[in-house]
Each structure stands twice: as structure tokens, then as C-alpha cells.
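**Student:** Let me give you the structure first, and then I'll get to my questions.
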Amino acid sequence: MLRTTLLVVYILLEVRVKQASQDFIDKYNKYNTVCKGMGYQTRNCSGKDKDNIAFHARLLRAQGNLGNYAVVVFGKVTQNSGNAYNANTGKFIAPEDGLYFFLWTILTRDGKIFNTQIVLNGNIFGYNNADGVSGNSNLASGSSSAVIKMKKKDEVWIRTHGKDGKYAYAEWSSFTGFKL
């Protein structure tokens, strides 16, 4: 008799647990649908975005006398979440659609100039001026930023502005970006 009673209690508990689990799943799915409709993004259980995209790279070596509209390759990568920046080509390739923020800084020396452009798929999106020629007897730097709407596989890179890639210091010149 005790075995039968225990078996009945076990079955009743099992049914109740399954029903409670299903109720929880149903409620979660409803809340999740509402939240997505409001624009909230899904996060994984660690609380971190599963699609972090961010990079930071510096010049590995000083750059000088680069050619006309030459790509500036920031070869020393210190951060590359999402692996979207290529240190060999100097190009960032968007792994997904979105709004991205970019910042680049160039340090040049007295008597030199290193003007650059940020380029999206071959089209100029912004400029940066590091001018050590204009009467300055010290180092000169320039920083610029851009917010760019990108589609998956769009490319962004920094290139010299015409022939104005005369000298940029290694380590002090950098390129960074991340998805907003």
C-alpha cells in the first residue's frame, strides 16, 4: 500500500512540475515577444551581448612616404572582438548590419604631414589632418571620428589623403571601432 501511495504522489508531483515548467516557458516566450517588439535585443545567460564587435589597432611601424590614397594598415591589434578587423589589409569588414563608430588618431613629426580619410566601400566618409608643417616646431596629431551605417560585408578603412602620407609614428597612431 505504501508503494502505491508513493507512486501516486510521485506521478502527481511529476505532472505538477511539468505543468509549472510549461507555464513558465509560455510566459517567457510571451514576454520575449513583447520585448523584441519594443526593440530590446536578446542577450545570452552571462548577461553579455553575444554579438560584441569592437577593435583597436595601432601602427606596428612608423609609416612614411605612402603612395597616393594608400591604405594605412594598423598592424598591431590589441582588441578584435568579433574578428572583423584585418591587420593584414587594414580593413574592417562589418559582420552584420548596424551603426558603427570609428575613431582614428595620427601623430606626425615636425616638418611632416599625414592627412587621412576614412573610406566606406571606396567612398570618402571623413577626413583627418595631422599637420607638422604649418609653423609648428613640435609633434602634431590629428584625431577624427565617424558614425557609419553599414550593411553586412561593407568595408571601412583609413587611407592617405592624396600624397599626404609623409610620416606617422608607430604605436601613437591608432584606429578603433565598434558597433553601437
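**Student:** May I ask you to list the residues in segment 152-180 that are in a loop (DSSP other than H, G, I, E, B) and under 15 Å from Lys91 (Cα atoms)? Before you say what the answer is, go through the steps one by one.
**Tutor:** Looking only at segment 152-180, we keep the residues that are in a loop (DSSP other than H, G, I, E, B), and these are 152-154, 166, 169-173, 180.
Result: Lys152, Lys153, Asp154.
**Student:** Moving on to the next point. So, in segment 134-180, exactly how many residues are surrounded by fewer than 14 Cβ atoms within 10 Å (Cβ to Cβ) and either farther than 16 Å from Leu59 by Cβ or of a type in the set (A, V, I, L, M) (or both)?
**Tutor:** Adding up the residues that qualify gives 12.
**Student:** Is it the case that some residue within segment 130-138 is outside any strand (DSSP E or B) and aliphatic (A, V, I, L, M)? Let's see the steps before the verdict.
**Tutor:** First, the residues of segment 130-138 that are outside any strand (DSSP E or B): 130, 132-138.
Still in the list and also aliphatic (A, V, I, L, M): 130, 133.
So far as segment 130-138 goes, yes, one or more of its residues are outside any strand (DSSP E or B) and aliphatic (A, V, I, L, M).
**Student:** Quick check on Asn83: is it modelled with pLDDT of 95 or more and surrounded by fewer than 12 Cβ atoms within 10 Å (Cβ to Cβ)? I'd like the intermediate steps shown before the answer.
**Tutor:** Values: modelled with pLDDT of 95 or more: yes; surrounded by fewer than 12 Cβ atoms within 10 Å (Cβ to Cβ): yes.
Yes, satisfied.
**Student:** Looking only at segment 117-135, which residues are more than 20 Å from Asn80 (Cα to Cα), touching a Lys or Arg at 6+ places or on another chain (Cβ under 7 Å) and at pLDDT 95 or above?
**Tutor:** Gln117
**Student:** If you check Phe55, Phe114, Phe74, which single one turns out to be assigned to a strand (DSSP E or B), modelled with pLDDT of 95 or more and touching a strand residue (DSSP E or B) at 6+ places or on another chain (Cβ under 9 Å)? Before the answer, list the steps.
**Tutor:** Values: Phe114 fails: modelled with pLDDT of 95 or more; Phe74 fails: assigned to a strand (DSSP E or B).
Just a single option satisfies the conditions, and that option is Phe55.
**Student:** With the condition kept exactly as written, say whether any residue in segment 102-123 is touching a residue at least 60 places away in the same chain (Cβ under 8 Å), over 19 Å from Asn68 (Cβ atoms) and of a type in the set (A, V, I, L, M).
**Tutor:** yes
**Student:** So which residues in segment 86-111 are exposed (fewer than 15 other Cβ atoms within 10 Å of the Cβ) and farther than 19 Å from Gly126 by Cα, if there are any at all? If you could, list the steps in order and put the result at the bottom.
**Tutor:** We begin by selecting, within segment 86-111, every residue exposed (fewer than 15 other Cβ atoms within 10 Å of the Cβ); these are 88-89, 96-97, 99, 101, 110-111.
Answer for segment 86-111, where residues must be exposed (fewer than 15 other Cβ atoms within 10 Å of the Cβ) and farther than 19 Å from Gly126 by Cα: Asn88, Thr89, Glu96, Asp97, Asp110, Gly111.
The values are calculated or read from the model by the stated rules, or taken from the named source; none is laboratory data. These numbers were taken from a predicted model, which means no experiment stands behind them. Positions of Cβ are backbone-derived with ideal geometry, glycine not excepted, and every protein chain shown enters the neighbour counts.
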